[in-house]
Structure formats: structure tokens, C-alpha cells
Amino acid sequence: MEPPESRSGIAARADFSIIRYAQCWEDADVLLEALDIHPGDRCFSVGSGGDNTLSMLVCAPAEVLAVDLSPAQVACIELKAAGFRVLPHAALLELAGITASTRRDDLYQQVRSALSSASRRYWDANLAVLERGLASAGKFETYFALFRRWILPLIHSRARVARLCDPRSVAERRAFYRDDWNTWRWRALFRIFFSRRIMGYLGRDPAFFDYVRGDVAAPLLCRAEHGLTDLDPSRNPYLQWIVLGRFRTALPHVWRPENFERIRNHVDRLRVEQASVETALGAAADGSFDRFNMSDIFEYISEAATEGVFDAIVRSGRRGGRVAYWNMLAPRRRPPRLAARLRPLEPLSRRLHDQAMTIFYSAFFVDELV
Ligand SMILES: C[S@@+](CC[C@H](N)C(=O)[O-])C[C@H]1O[C@@H](n2cnc3c(N)ncnc32)[C@H](O)[C@@H]1O
């Protein structure tokens, strides 16, 4: 039986007062290629850790509206945006917990006045989180840290884990996976740690699995093999963070030095709202947005609520616009009755899904508003 759904049903079923995602775990390069944002576009974006929303500013849109129902996530987005406004690139990476720092308190004092009063109050009360390193602070990042500190050492030596991220050809990666990595311990402990129960309690929230059916670990193990063989770990920042706890030879789009000025130049075009997607889209005028980054929020809500959000997208979107969204464990698509309004860009979706460095999603969709 499906749980009861309210306008923001997930807000009543899970705790949104904590930081869940200190980083964005959806490949930003894939998102940007999918959305193909043009200068002057108006964009809607599920906020999360803020990284991908900030990356969207690289394309000089007229506006990016970031929406998240969690005050903690809004505080993360605003802190990073304030960092872009006020700090040079190296200091921004320190403040965000991407690189080591002994002066995060000082850096916070520099950006503090660029925050909204609610986010200022949040960070004043949670300065210790910043000092320890924001990028590791979310529940999801803590889950990966548990895997890295307690499970991975039971499977492979530190030297072998470090070698995983060395540059190799596809053939060499397949041989490394077959001969060195894919042991019975890897398969067994992976299946336990990434099971529905452990992931629900330690990584996400049991409520996020309300609409997930079947075994979750087995498909994730297949995706892991794809990520370690077809894709190149030496170019995968997300995988590096999971297994090494730092970015060794690759950075997510938002932190790359070459993107810094272009994001900073447009950071005033970012608007952040603490609201549910349902409320924010419901309040938007017809034809308000050209681009929608919907993250994987459909996974958290029922099929009926998903249909309601797609109706709102079709109403508030403009012709020629694009909608991008991920499925992780629950299959979610735009309803068939909207086929005439939202055309799936199938070859593009499939290609981008295959190349996504965030390997734990089962599908990625790009639909065009027609
Ligand atoms: C859907 S979660 C997924 C995170 C993503 N997979 C990642 O790792 O980057 C992203 C954000 O959506 C927010 N969220 C979930 N459901 C929402 C809703 N109905 N309205 C607004 N925000 C929502 C959560 O607070 C979270 O910060």
C-alpha cells in the first residue's frame, strides 16, 4: 500500500532539519549537457548541496531559482553562493571543505554578511560543522565515510584502493577489476553495506525507500562494475571522494578553477527559496522556466504526486525547454498522458546516463517541452 501523500508528503515522512547532502551526487557535466542552458534562460533547480545549481550559472542564464524544502540545504547553498561572491577560488575551496584549511572560522566571518539572516543563524549555530569540513558533513557523505573507514579496509588494502584511481586504459581497468578488485569480500560486503536497510538508516532515510521495490544492492553492484571499468576512476571526482575521502585528480564542475569566474560573474542571478518543489512550481506563472533540474525527487514521492509535479512543469515551462531528472532505485517517468507535451530525448538520455560519473543511478532522463 502506498503511504498517504500530502502536497509535500516527503517533508512529513523524513527529517529535513539535518544536512543530508553537503555535496551534489549527480554528475554536473551530464546535467549541463542535458539542459543545454542558453544565455538568458530561466532555470528551476532542486537545490540539494547547491553545487549543480551553482554550476548552472556558468551558462549565463537570466535566473536560477533553487528550491529545497530543507533549511539546512538552503544554508549550504547560500554559504557556497556567498563564498563565490566574496572569496578567491582557493579560499572558497577551503571554506567548502574541498581542500584542507585551518582558517575556516575566519573565512566564514568574511562571507557571513553575504548570507540571508536565516542562513547566518544556521551557520552561527553550526560553525563546528564548517570547521570540520562542510563537504563531509551530510548524512550521505557520512555514510560513504563509514564505507571508506570501516568496510573498504576489510576488502582491500590501502595501496590497492589508491591504485583503483590510477589512470588506465579500458582493457587494463577490466583486468584490474577481474583480477584484483572483484573478490568475494567485495561482493559480499558491498551487498550488505548497500542493502536497503543499511542505506535507509545510515545513508538516506527509510522513508526514501517507500516507493522502492526489490533488491537494491544487486543493481548497485552492477553499476559499480560499470563505474570501475567502462568509466575512468582517475577522471571521476565522485568515486575518488567515496573511496579516498578527497578529490585526487578530478574535481566536480563547480570547483574547477576554469569555471570559477563565470560562476562568480552570474551568482547574483541565483535565487534560493526554502519551499517544496510542489509549492514553488504551483506558485510559478505559466511559461516561467526554460530549464528544470529535478534531481531525483520523484523517487521520494508517490506516482500520483509525481504526475502532479510533471503537470506543474508542463504548465510553468516554455516551449523548447528541457527537463532533466534521475532515477536511483524507484522507476519514475513523466506520465504517458503528457507524451505530447514532454518529448523524451532518448539517445541523449541514454548516452549521458552511460557516461555519468555518479554511478549509482539506474536511469537519467532528458525531456523536451514541445
Ligand atoms: C532529492 S534529494 C537527492 C539528492 C541527490 N541524489 C544528490 O545526491 O545530489 C535533493 C534535495 O531535494 C530536496 N527535496 C526532496 N524532496 C523535495 C521536495 N518535494 N521539494 C523540495 N525539495 C525536495 C532534499 O531536501 C534534498 O536536499
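Does residue 54 satisfy the condition of being farther than 16 Å from residue 20 by Cα, within 20 Å of the chain's Cα centre (by Cα) and crowded, with 19+ Cβ neighbours inside 10 Å?
Working: farther than 16 Å from residue 20 by Cα: yes; within 20 Å of the chain's Cα centre (by Cα): yes; crowded, with 19+ Cβ neighbours inside 10 Å: yes.
So residue 54 passes the test.
I'm checking my understanding of the structure. Among residues of the range 285-298 that are near the ligand (Cβ under 7 Å from one of its atoms) and not aliphatic (A, V, I, L, M), which one is farthest from residue 56 (Cα to Cα)?
Top of the filtered list is 296.
Working only within the range 100-124, note down all residues that are touching a Ser or Thr at 6+ places or on another chain (Cβ under 9 Å) and closer than 18 Å to residue 272 by Cβ.
Matches in the range 100-124: 120 only.
Just to be sure, is residue 280 assigned by TED's automatic domain parsing to the domain that holds residue 122 and part of a strand (DSSP E or B)?
Numbers: assigned by TED's automatic domain parsing to the domain that holds residue 122: yes; part of a strand (DSSP E or B): no.
No, not satisfied.
Cβ-Cβ distance below 8 Å, separation of 6 or more or different chains: which pairs start in the range 120-147 with a residue that is outside the structural domain of residue 195 (by TED's automatic domain parsing) and more than 17 Å from residue 77 (Cβ to Cβ) and end on one that is among the acidic types (Asp, Glu) and away from the ligand (no atom under 16 Å from the Cβ)?
What qualifies is 127/105; 131/105.
Which of the residues that make up the range 326-353 are surrounded by fewer than 17 Cβ atoms within 10 Å (Cβ to Cβ), touching a helix residue (DSSP H, G or I) at 6+ places or on another chain (Cβ under 8 Å) and closer than 30 Å to residue 241 by Cα?
none
Can you name every residue in the range 83-108 that is in a loop (DSSP other than H, G, I, E, B) and either within 15 Å of residue 22 (Cβ to Cβ) or not aliphatic (A, V, I, L, M) (or both)?
Within the range 83-108, 88, 96, 97, 98, 99, 101, 102, 103 qualify.
Give the number of residues within the range 318-353 that are assigned to a loop (DSSP other than H, G, I, E, B), aliphatic (A, V, I, L, M) and within 16 Å of the ligand (Cβ to nearest atom).
The total comes to 3.
Run down 79, 57, 65 and say which single residue is within 16 Å of the ligand (Cβ to nearest atom) and either touching a strand residue (DSSP E or B) at 6+ places or on another chain (Cβ under 8 Å) or not in a helix (DSSP H, G or I) (or both).
None of the other options fit; the residue is 65.
Filter the range 283-301 down to the residues that are assigned to a helix (DSSP H, G or I) and among the aromatic types (Phe, Trp, Tyr), then identify the one that is nearest to residue 33 (Cα to Cα).
Only one residue fits best here, namely 298.
Looking at (1) more than 12 Å from the chain's Cα centre (by Cα); (2) within 12 Å of the ligand (Cβ to nearest atom), find the lone condition where residue 90 falls short.
Against the list (1) more than 12 Å from the chain's Cα centre (by Cα); (2) within 12 Å of the ligand (Cβ to nearest atom), residue 90 comes up short only on (2).
Residue check: is residue 271 within 22 Å of the chain's Cα centre (by Cα), surrounded by fewer than 23 Cβ atoms within 10 Å (Cβ to Cβ) and away from the ligand (no atom under 11 Å from the Cβ)?
yes
Show the residue pairs meeting these rules: Cβ distance below 6 Å; 6+ apart or different chains; first residue within the range 63-80 and without any contact (Cβ under 8 Å) to a residue 60 or more places away in the chain and surrounded by 24 or more Cβ atoms within 10 Å (Cβ to Cβ); second residue among the polar types (S, T, N, Q) and in a helix (DSSP H, G or I).
75/119
For the range 344-370, give me each residue that is at pLDDT 95 or above and hydroxyl-bearing (Ser, Thr, Tyr).
Matches in the range 344-370: 349, 358.
The values are calculated or read from the model by the stated rules, or taken from the named source; none is laboratory data. Bear in mind the structure is a predicted one, so any value in this text is a computation, not a measurement. We place every Cβ from the backbone using ideal geometry, glycine too, and count neighbours over all the protein chains shown.
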